[in-house]
Each structure stands twice: as C-alpha cells, then as structure tokens.
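Here's the structure, in structure tokens; my notes come after.
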Amino acid sequence: MSQSFAGVLPLLSALAVLVGCEASPRVETDPPPAPPLEQQEREFMVYSQIEARGIRDPRVLQAMREIPRADFVPAEVRDRAHRDSPLPIGYGQTISQPYIVAFMTEQLELDGSEKVLEIGTGSGYQAAILGRLAARVYSIEIVEALAQRSRALLEAKGIANVEVRSGDGYGGWPEHAPFDAILLTAAPDDIPEPLLEQLAVGGRLVAPVGVGLQELVLVTRDEEGLHFESLLPVRFVPMVGEAERD
C-alpha cells in the first residue's frame, strides 16, 4: 500500500461514519402565547396616548400598564375603555381620559411614601393608580352609590391601601391631615380653603378649577406658604355640594 493511499483511509472511514449517522431530530417549540387582547390594547394606550405625549415618570407608566381601565367602566362602554376620552360612569359622572389621569398623577411626584387625599373617587380608577404609587390613599365620593361600587371593586382587586368614604369632599379628611398630596377630580370655582389647609409642607395639590373654561392648577406648599401654577386647560364635571355654595 502506498503511503499516499494509506493517508486517505482515515478520511474515508470518517466519511462513512458521517453518512451512516442520522441527523438529530429538530425540536419544534411553540411560540409564546400572545397577551390577551385587553392587555395589548392597554399597552398600546400607554404607548400612544400617554408616553408619546410626554409622560416620563416610569412608575406612573407602569401603574397605567398594570391597572386595567376596562374594569372600572360600565359594561356598555367597556369596548371604548382604552380610547383617549372620558367615559360616562353613571350619576352624571365620568372617568377621565387616560392621558389626564397620567398627567395629574405625574404632577404629584409620588415616590411611594406619601399619604394622599383624593376628592372624587368616581369609578375608582384614579384611586387605584394612586394606591399603586403611594403608601396610603384616602378618597371621598359624594355620590354614595359610586362610593360603594368603587370600594367593593378596589377590595376585590386587593388594593388594600385605599380607603373610600362617602361624603362631601369640600372639608377634606381632617383626621388624617396633613397630606403629602391632594388630587381633585371635579372642578370647584376655587380650591376649597380646608383642602389648602390640609396640604403638608412640601406637599403638592392638583385640581381643575373654574366654571366653563377650566384650568388645571398645581399648588405647592413650602415654609413660606402656598404657590399656584397653571398647567393646562381641562374640562371636568363641576364639584358639587358645599363647593356650589362657596
């Protein structure tokens, strides 16, 4: 056997082994299931209506992604839950459009340690967002049926740090004052004095103010007193009760 032919034999043997072997079977894996349609719509709502319009607080964005707005609207308007518009919730009240909820929440600059007062529980959606972002939330709703409905819904969702009370929010909740943040979801002619008094030093209050033409106002308190800043034009249901007589 020549030296050159002898060198070829190992290569032929290796080739025979390869030809005789069966390829390993290809493992087919199923793609991960798509998120539920409601979750997809909620993600798109946050991306297109809220983040795209300048909301940057990551905690606010995450809360808006996690809290299903559709659960807080009546069944007859559930198919419109993720549109950029307010929706009726009964008793002449509305749930605010998603962008306004996010904008007002971001203005409070919550870090998770705060005690928050909300005037106007309504559907309970804003209270749920605040509950995800603050230590404790006290929410007052003047329409008793809405207060009961929102309280039951928040309890069912396990949001235990939100307390809902039926009553007129004009006087605030003095037994739990002062508050690090206060948010109004109905518009008085002027911000009630008791609410300004219950704002803690270093606190922030956000409220729609005015009749007809309204503006969203930010109030901050420091050691020198209260400071008012107009943020943007808005349209909210009017604050009723004692605020109408003020």
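None of the figures in this text is laboratory data; all of them are computed from the coordinates on show. Not measured: the values here are computed from a predicted model. Please note: Cβ atoms are built from the backbone with ideal geometry, for glycine as well, and neighbour counts cover all protein chains shown.
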>> Yes or no: region 190-209 includes at least one residue that is at positive phi and touching a residue at least 40 places away in the same chain (Cβ under 8 Å).
In response: no
> Which pairs have Cβ atoms under 8 Å, sit 6 or more apart or on different chains, and link a residue in region 104-116 that is in contact (Cβ under 8 Å) with a residue 60 or more places away in the chain and surrounded by 23 or more Cβ atoms within 10 Å (Cβ to Cβ) to one that is hydrophobic (A, V, I, L, M, F, W, C) and in a loop (DSSP other than H, G, I, E, B)?
Replying inline: Leu110/Ala134; Val116/Leu108; Val116/Leu110; Val116/Ala134
> Within region 176-194, can one find any residue that is farther than 20 Å from Ser96 by Cα, outside any strand (DSSP E or B), in contact with a helix residue (DSSP H, G or I) (Cβ under 6 Å, 6 or more places away or on another chain) and not small (Gly, Ala, Ser)?
Replying inline: yes
> If you take the residues in region 134-146 that are within 19 Å of the chain's Cα centre (by Cα) and surrounded by fewer than 21 Cβ atoms within 10 Å (Cβ to Cβ), which one is farthest from Gly112 (Cα to Cα)?
Replying inline: Arg136
> Do you know which residues across region 35-57 are of a type in the set (A, V, I, L, M, F, W, C) and under 17 Å from Asp79 (Cβ atoms)?
Replying inline: Leu37, Phe44, Met45
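Table: residues versus (1) surrounded by 20 or more Cβ atoms within 10 Å (Cβ to Cβ); (2) closer than 26 Å to Glu155 by Cβ.
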residue: Gly54; (1), (2): no, no
residue: Asp57; (1), (2): no, no
residue: Pro68; (1), (2): no, yes
residue: Phe72; (1), (2): yes, yes
residue: Asp84; (1), (2): no, no
residue: Pro88; (1), (2): no, yes
residue: Gly92; (1), (2): no, yes
> Counting only residues that are within 23 Å of Glu114 (Cα to Cα) and in a loop (DSSP other than H, G, I, E, B), how many does region 203-232 have?
Replying inline: 2
>> For the condition touching a residue at least 12 places away in the same chain (Cβ under 8 Å), out of contact with any Pro (no Cβ under 9 Å at 6 or more places or on another chain) and hydroxyl-bearing (Ser, Thr, Tyr), what is the one hit in Tyr138, Tyr170?
In response: Tyr138
